[in-house]
1. I'd like to compare 52-62, 22-32: which one has the highest average count of other Cβ atoms within 10 Å, and what's the full order after that?
2. In whole Å, what are the extents of segment 14-116 along the principal axes defined by its C-alpha atoms, from largest to smallest?
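Derivation of every value follows stated rules applied to the coordinates shown; laboratory data play no part. None of the values given here were measured: they were computed from a predicted structure. Methodologically, a virtual Cβ is constructed for each residue, glycine included, from the backbone with ideal geometry; neighbour enumeration extends over all protein chains shown.
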């Protein structure tokens, strides 16, 4: 998956093979089997191109990591304690990234709304019986 995510485009077995062979000896059939297994598991989709296939990631690496974290967290018998332990393992840079992510998810801060006064009471600053002007 690392190679498929790295290129962020549909790749052939041959392209992955050639990239991997720069680091170690590996057989074409091994790469083909792994990509086929990833396809069967739903991690990549493939499209025929001649006698070969082009494989493309179904989700991003970030989405994969998020799914792993969510799965691990949801299996905890004490999710709050698991989060505290996880946050304790984070570097300051990671904690800042977490704060940034929470801000993104929460969206821009909305101005506080002025609550409506209970019936029979007037808004502060308005004249009794008047319209506030």
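1. Numbers: 52-62: 15.5, 22-32: 11.0.
Ranked by mean Cβ neighbours within 10 Å, highest first: 52-62, 22-32.
2. The principal-axis extents, from largest down, are 69, 33, 28 Å.
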